[in-house]
Amino acid sequence: MAGRVTLDAMIKRADFAHQAEARTIELGEKLIIDQISNKSPFLRLLRKPDFQRETNHWSPEQVSLLVKSFAHGELIPSLILWKSDSFVFVIDGAHRLSALKAWVENDYGDGAESLKFFGGTISPEQKRLADATRRAVERSVGRFSDFKAAIGEDTEPDNEKARVAANIFTRSLHIQWIQGSQEVAETSFFKINSQGTVLDPIEELLLKNRRTSYAIAARSVVRAGAGHKYWSSFNSETQRNIEEEASKLHSLLFQPDITEPIKTLDLPLGGTSSSLDALKMLIDIFAIVDGEADSKKAIEALGVDDEGSESKLVLRRVRKVVTRMTGNDPSSLGLHPAVYFYNERGKHSRFLFLGVLKALADAVRNNNKAWFSQFTDARKRIEKVLVEKKSIINQGLANINSRQRVERVANLISELVRKGANGKVSDQDVLTFLGLQGRAGSLRIIDAPQGFSDDTKSAIFLQEALKKAMQCNICEGYLDPAKAVSYDHITPRREGGTGRTDNGQLSHPYCNTAVKC
């Protein structure tokens, strides 16, 4: 998916549930560019509803096109607003307004306002896209500050910049106002967003269930506890707990950012941190950890989390499982992402990730401590199968209904654990463990391109890098030293082992603390 520009800081959010319609309504029909700057009283009243999707769905080219259309007097659809007793809410047009404000303030997700909004931390990917957007806008239109400086100057009649500047500061955006209550405005939002650029199903699910623990927790993790606080109504201790847990989970699941082609083995477990993809992943993670088969039904069955206690518990339950997968907690298996969660083309596979997660979550939920010992005993052979038979595994998954793939991957992992450290696993065995019948066919590349695509380059890198990757000196499984490594005494301290380098070795945290004890 092409990179999307993060403009969520441009317009603040407010809780829509406690708004009342203004008693006296005197509403203008037009909005000029000066009303979009930070100094404008109108902008200080402007809010996005808390159920509005995050403003991060446009590419740099889309932002540039909108600004160019405005500057050259081309048609821009009307904004749809609703006025409460306290604020003016954007029901439709948040991306349009945010793109124009980003141009006015020269903040495409990396400026002072964005930095403050995101708690002083902006990812390299967000900065890269902001810079790409700035360059695209300046190539096609120019800087807003330059046009503002050109106003009133004595210029030649054919001066293009002066003509565009005159257009920018005299044209306006048309406004349509929703009349009625908060319920009417919210209903209008969902009707509007069922047409044109429609809401993604997961967005609609979260927005309609936005006060449940899953929605609050997912939104907190996506932004690492920063950005708009959907949990701001909770007491200060609960807010702090949610933000701390969210920050930890974001780091464990979505850091570092992926760049393509892949040139490092330091990969995120959960794939891209892109807001929509991450939200989809998180809702599935929450349901799996809670033992629910259908994430949609799971979130719809939840009640409103008025005090935040359920949101805290969801985050803690998930972190308990995720810290079994990675990190330096003593219980961490330190699973290597390239081995477990990326396919043969070097792409993150949500089905591999969620399937492995389910296998671990079932063991944690059932307090099956023996499963982790059995996994470690068989780990070397399990990883050999996962690395050497990735193509077979993904060929098998392609022949399974998408709703069943997570369960089938979990079954594959469990069968490999059950089979133990001994015995060979054939291609046919892999397909059988995935619940498929028939014989394993040979894979052929048809009409292969002469050049190397980014996917091919990623696959080549991972293939070669894993040949030289570090391994645990206890179980001989792959180590992920960037995220999960333990420094183990070869001769234990209780037996007189020293802290010298010749008595040290690297291992998985679980192997060091549970296997050797």
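The values are calculated or read from the model by the stated rules, or taken from the named source; none is laboratory data. Just so it is clear, the structure is predicted and the values come from calculations on it, not from any experiment. Don't worry about glycine lacking a Cβ; one is built from the backbone with ideal geometry, like all the others, and counts go over all protein chains shown. Each accessible area value is taken on the protein alone, full model and side chains, heavy atoms only, with ligands, DNA and RNA left out. Shrake-Rupley method; radii C 1.70, N 1.55, O 1.52, S 1.80 Å.
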Open item on the list: Going Cα to Cα from residue 424, which lysines come in below 22 Å? Please leave out same-chain ones fewer than 8 positions away.
Closed with: 380, 384, 389, 390, 467
Open item on the list: Can you compute 3J(HN,Hα) from phi for each residue in the range 259-266, using the Karplus curve 6.51 cos²θ - 1.76 cosθ + 1.60 with θ = phi - 60°, rounded to whole Hz and x for Gly and Pro?
Closed with: 10, 10, x, 5, 9, 8, 8, 7
Task: Positive-pole candidate from 366, 423, 334, dipole of the chain, charges at beta carbon - done: 423
Open item on the list: Output needed for the range 49-150: three equivalent-ellipsoid semi-axes, defined as square roots of 5 times the C-alpha gyration tensor eigenvalues, in descending order, whole Å.
Closed with: 22, 20, 13
- [ ] Counting only C-alpha contacts under 8 Å and six or more residues apart, can you give the relative contact order of the range 100-182 as a whole percent?
- [x] 22 percent
Open item on the list: Give me the Å³ per residue figure for the convex hull around the C-alpha atoms of the range 326-468.
Closed with: 130 Å³
Open item on the list: Sequence gap at least 6, Cα distance under 8 Å: using those rules, report the relative contact order of the chain to the nearest whole percent.
Closed with: 13 percent
TODO: Please figure out what share of the DSSP beta bridges in the range 11-145 is antiparallel and state it in percent, rounded to the nearest 5.
DONE: 55 percent
- [ ] Let me have the 222 nm mean residue ellipticity of the chain computed from DSSP H runs of 4+ only, each contributing -39500 (n - 2.57), with the sum over all residues rounded to the nearest 500.
- [x] -14000 deg cm²/dmol
- [ ] Rounded to whole Å and ordered largest first, report the semi-axes of the equivalent ellipsoid of the range 229-304 derived from its Cα gyration tensor (root of 5λ).
- [x] 26, 19, 10
Open item on the list: About the Cα centre, and with charges only on the beta carbon of Lys, Arg (+1) and Asp, Glu (-1), how big is the dipole of the chain? Nearest 20 debye, please.
Closed with: 1480 debye
Open item on the list: Largest first, please: the extent of the C-alpha atoms of the chain along each principal axis, to the nearest Å.
Closed with: 83, 55, 55
- [ ] Just reorder 44, 211, 316, 128 by solvent-accessible area, largest first, 1.4 Å probe, all chains present.
- [x] 44, 128, 316, 211
Open item on the list: I need the per residue convex hull volume for the range 331-397, using only the alpha carbons, in cubic angstrom as a whole number.
Closed with: 86 Å³
- [ ] Using all C-alpha to C-alpha distances in the range 188-317, build P(r) with 10 Å bins and read off the rounded percent in each one.
- [x] 12, 41, 33, 12, 1
Task: Kyte-Doolittle mean at least -1.0 and Cα axial length at least 18 Å: DSSP H helices in the chain - done: 236-254, 275-289, 309-325, 350-365, 369-388, 405-419, 454-467
Task: Amide H partners (placed H, <5 Å) of residue 5, local residues excluded - done: 58, 59
- [ ] For 502, 131, write out the residues from largest to smallest accessible area, computed with a 1.4 angstrom probe and no ligands counted.
- [x] 502, 131
- [ ] Along Cα→Cβ, 7 Å out, is where each label goes; now give me the distance between the ones at residue 456 and residue 313 in nm to one decimal.
- [x] 5.3 nm
Task: Ordering of 478-491, 265-278 by burial proxy (mean other Cβ atoms within 10 Å per residue, highest first) - done: 265-278, 478-491
